[in-house]
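What follows is a short report on a single structure.
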Amino acid sequence: MTAPAKSDIQAFWKALYNSLYEDVDAHLTRDALFKSLDDLEDMFRLRRHMAVVEMPLAELAGKRVLEVGPGAGGHSALFAKHGAIMTSLDITPARARATEAKFRLMGEAAADCHAVNGDSENLPFADASFDIVYSNGVLHHTLDTERAIAEVFRVLKPGGRAVIMLYCKSSWHYWINMFLPIGLLMGKAFRDPNWLGKATEWGGKDRQTVANPITRCYTGAEIGRLFAAFKDVTWRKGEFYWYLVPKLGRLYRKYQIKRYGTHPGGVLVYGEPWPIQSPLELKLGEIMGFSWFIAARKPKNTPLPPP
C-alpha cells in the first residue's frame, strides 16, 4: 500500500473545509464574527476545552502565539480578540486563507496577526520565536508527529508554553466506537494501516470522496515520551459523546438536542451548532475521553542558538 503524501493531506483537509466551513465563511461579517467569538468562548468554557483552560486567555495580550493547523481560524481569531499577536500556519492553503480573512475582518483587533501556508514538520520560523505554540487536533494527522513536536519545541522561546491536543488511544471512542466495530469486526485493522484515518474526521454538507490520509492515537505513556524534552508536562482527558456510538448514536443525538439543546459556538469551528453534552458526558470525558489536552513548557535554561 502506497504511503500517503503531503499532497494527499492537503486534498483531504481542503475537501473537509469546503464541506464544513465554506458556506459559513462566505457570509461572515465583522459583527457576526465578533458575536461568534463570544459564543465560541462560552462553548469552550462549558466543555472545559483547553482553549480556555490550558490557554491563559487573560494573559495573552502582547504574547506572540503560533497556532499550527488553525482550521477555519476560529481559535486563532479568539486568541487575537484577547490581544495575542497571532501567526497561524496551515498546510492547506484554503484554511490559511480563511484564517487570514477572519483576521482582516477583525480590523485593528488583529492588525498584527497573519496566517501562512506551511508545514508543521518544517516550520518556517526562527528558533525561539514564540511565547506559546497552540495546536488543536492537528499533529496526529501529520506524516511525522515526533518531528512536528520537535519543531514546536524549537520555535518556542525558553520558558515558552506548548498547548496541544492529540487523540487519546485509552478512550471509549477508540476502543468501543472505532476499533471494535471497524477495526476488529470489519477486519480493517488487519488489512489497512490507515483504517483509523479512513474512519475519522468527515462532516458537513458534502459526501466524502477523499480519504483522510492519516490519524494516530496515543496512550498516556506515549504522550510522556513525545514531550520528554519539555518540563512541567501535564495531560488530561476530555470530550466524550454518546452520539458517536455507531448506529444507536443517531437516536441519542436526537434526544440530546431535544433535552439539552445546541450551542451557537459550534458554528465557527464545526460549521453548525454544537450539541450540548450532558453532565454525565462531561464527567465521562475526564475518564475516557478521546482528547488529550496537553500543556508543557520549554525549559528556561534551554540554550539559545548561536547568532
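Points worth noting:
- ILE294 vs. criteria assigned to a helix (DSSP H, G or I) and either of a type in the set (A, V, I, L, M, F, W, C) or within 20 Å of GLY160 (Cβ to Cβ) (or both): no
- Top-ranked residue in segment 261-282 [being out of contact with any Gly (no Cβ under 8 Å at 6 or more places or on another chain), under 27 Å from LYS169 (Cβ atoms) and touching a residue at least 40 places away in the same chain (Cβ under 8 Å); ranked as surrounded by the fewest Cβ atoms within 10 Å (Cβ to Cβ)]: LEU282
- Here PRO246, PRO213 are screened, and the one residue that is buried (at least 20 other Cβ atoms within 10 Å of the Cβ), touching a residue at least 40 places away in the same chain (Cβ under 8 Å), under 29 Å from TYR21 (Cβ atoms) and touching a Pro at 6+ places or on another chain (Cβ under 9 Å) is PRO213.
- When segment 132-170 is filtered for residues that are farther than 23 Å from LEU16 by Cβ, among the small types (Gly, Ala, Ser) and outside any helix (DSSP H, G or I), the ones remaining, listed by number, are GLY159, GLY160, ALA162, SER170.
- Here the condition is being at pLDDT 95 or above and either within 23 Å of ALA221 (Cα to Cα) or surrounded by 20 or more Cβ atoms within 10 Å (Cβ to Cβ) (or both); of PHE125, PHE153, it holds for PHE153 alone.
For (1) at pLDDT below 95; (2) in a helix (DSSP H, G or I); (3) in contact with a strand residue (DSSP E or B) (Cβ under 9 Å, 6 or more places away or on another chain), each residue gets a yes or a no:
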{"residue": "SER76", "(1), (2), (3)": "no, yes, yes"}
{"residue": "GLY83", "(1), (2), (3)": "no, no, no"}
{"residue": "LEU89", "(1), (2), (3)": "no, no, yes"}
{"residue": "ALA96", "(1), (2), (3)": "no, yes, yes"}
{"residue": "PHE103", "(1), (2), (3)": "no, yes, yes"}
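The values are calculated or read from the model by the stated rules, or taken from the named source; none is laboratory data. Source: prediction; values computed, not measured. When we count neighbours, we look across all protein chains shown, and the Cβ atoms used for this are built from the backbone with ideal geometry, even at glycine.
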